[in-house]
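The values are calculated or read from the model by the stated rules, or taken from the named source; none is laboratory data. Computed from a prediction, not measured in an experiment: that's the story for all the values here. Cβ coordinates were reconstructed from backbone atoms using ideal geometry, including for glycine residues, and neighbour counts include every protein chain displayed. Accessible surface areas use protein heavy atoms only, side chains included; no ligands, DNA or RNA. Shrake-Rupley method; radii C 1.70, N 1.55, O 1.52, S 1.80 Å.
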Amino acid sequence: MKTIGLLGGMSWESTVSYYQIINKEVRERLGGLHSAKILLCSVDFQQIEAWQRQGEWEKAGQYCAQQAAMLCKAGADCIVLCTNTMHVIAPIIEAAIDVPFLHIVDSTAAAIKRQGLHKVGFLGTRFSMERPFFKDRLRSQCGVDVLLPNVEDREKVHRIIFDELCCGEILETSKQFFCDVIQKLATQGAEGIILGCTEIPLLIKPEDASVPLFDTAELHAKSACDWALADVA
């Protein structure tokens, strides 16, 4: 079994999910008392969020690259960045490490491709929804059209993620808002919805939508497990 390097804390609320999903998958696949070999570097999200807000992506990228390099030095065989938004600086991290970087879009694209969908809705932080790094990579891999909420809804989605979900606050009113946005996208033709922020699954579950939901955190974590166990008999 290979060792998975988790670069998390962005926010730690969803990093917990990565740790749980990976370990549960290993136990289910190998049985007994097996658990995953994981190294975790959890950063202080306050500084990361400030860099995001100020548009200092290069600083954030260099910092995350340093943390990823530390994981590699400690023995990580791959790097898993436990956040969608910070994949905007994935190339900076990849340039700083000599082990595979398991990209969150790749596992999401594979899941969408398996279902044969042609149009999907996308929910995430404003950075993820409005910057091209996620959508362009997704389109190149599975050829889907990506629908976004309107500007007003995007702002509210972003606010709920940072002000509530990243702080562990789960509100029924926010859940209803997300469900309404999902339904709007479905009405516009979305055949599925990408939960493109690793905190959103803390609020929204599969039974909350009339179309398939693609939980990027779960898909990413399970793909890391696939990779780590690829050579295990």
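The residues of segment 75-94 that are without any contact (Cβ under 8 Å) to a residue 40 or more places away in the chain and either open to solvent by 10 Å² or more (accessible area, probe 1.4 Å) or small (Gly, Ala, Ser) (or both), listed by number, are 91, 92, 94.
Counting only residues that are open to solvent by less than 90 Å² (accessible area, probe 1.4 Å) and either among the acidic types (Asp, Glu) or within 13 Å of residue 79 (Cα to Cα) (or both), how many does segment 32-41 have? Residues meeting the conditions: 3.
Pairing each residue of segment 157-173 that is within 14 Å of residue 198 (Cα to Cα) with any residue that is among the small types (Gly, Ala, Ser) and open to solvent by less than 30 Å² (accessible area, probe 1.4 Å), provided the two are 6+ apart or on different chains, yields C-beta distances under 7 Å for 160/174; 164/174; 166/11. Scanning segment 106-131 for residues being open to solvent by 40 Å² or more (accessible area, probe 1.4 Å) and closer than 27 Å to residue 55 by Cβ gives a total of 4.
Annotation: residue 178 fulfils all but one of (1) more than 17 Å from residue 86 (Cα to Cα); (2) open to solvent by 30 Å² or more (accessible area, probe 1.4 Å); the unmet one is (2). None of 92, 97 is within 19 Å of residue 7 (Cβ to Cβ), of a type in the set (Val, Ile, Thr) and out of contact with any strand residue (DSSP E or B) (no Cβ under 7 Å at 6 or more places or on another chain) except 92. Taking every residue in segment 16-40 that is among the acidic types (Asp, Glu) and pairing it with any residue that is open to solvent by less than 30 Å² (accessible area, probe 1.4 Å), at least 6 positions away or on another chain, the pairs with Cβ-Cβ distances below 8 Å are 25/36; 25/221; 25/225. Within segment 174-188, the set of residues being free of Cβ contacts under 8 Å to residues at least 40 places away in the same chain and either touching a helix residue (DSSP H, G or I) at 6+ places or on another chain (Cβ under 6 Å) or in a loop (DSSP other than H, G, I, E, B) (or both) comprises 174, 179. Among residues of segment 201-215 that are within 16 Å of residue 166 (Cα to Cα), those with a beta-carbon under 6 Å from a residue that is surrounded by fewer than 21 Cβ atoms within 10 Å (Cβ to Cβ) and not charged (D, E, K, R) at least six positions away or on a different chain give the pairs 203/170. Residue 144 passes all but one of (1) of a type in the set (A, V, I, L, M); (2) open to solvent by 80 Å² or more (accessible area, probe 1.4 Å); (3) under 18 Å from residue 188 (Cβ atoms); which number fails? Exception for residue 144: condition (2). Scanning segment 189-229 for residues that are β-branched (Val, Ile, Thr), in a loop (DSSP other than H, G, I, E, B) and more than 10 Å from the chain's Cα centre (by Cα), we see that the one that is surrounded by the fewest Cβ atoms within 10 Å (Cβ to Cβ) is 211. Residues that are hydrophobic (A, V, I, L, M, F, W, C) and either open to solvent by less than 60 Å² (accessible area, probe 1.4 Å) or in contact with a Pro (Cβ under 6 Å, 6 or more places away or on another chain) (or both) within segment 1-15 comprise 4, 6, 7, 10, listed in sequence order.
Close contacts from segment 114-135, counting a first residue that is closer than 20 Å to residue 88 by Cβ and touching a residue at least 12 places away in the same chain (Cβ under 8 Å) and a second that is part of a helix (DSSP H, G or I) and open to solvent by 70 Å² or more (accessible area, probe 1.4 Å), with Cβ to Cβ under 8 Å and a gap of 6+ residues or different chains, come to 126/155.
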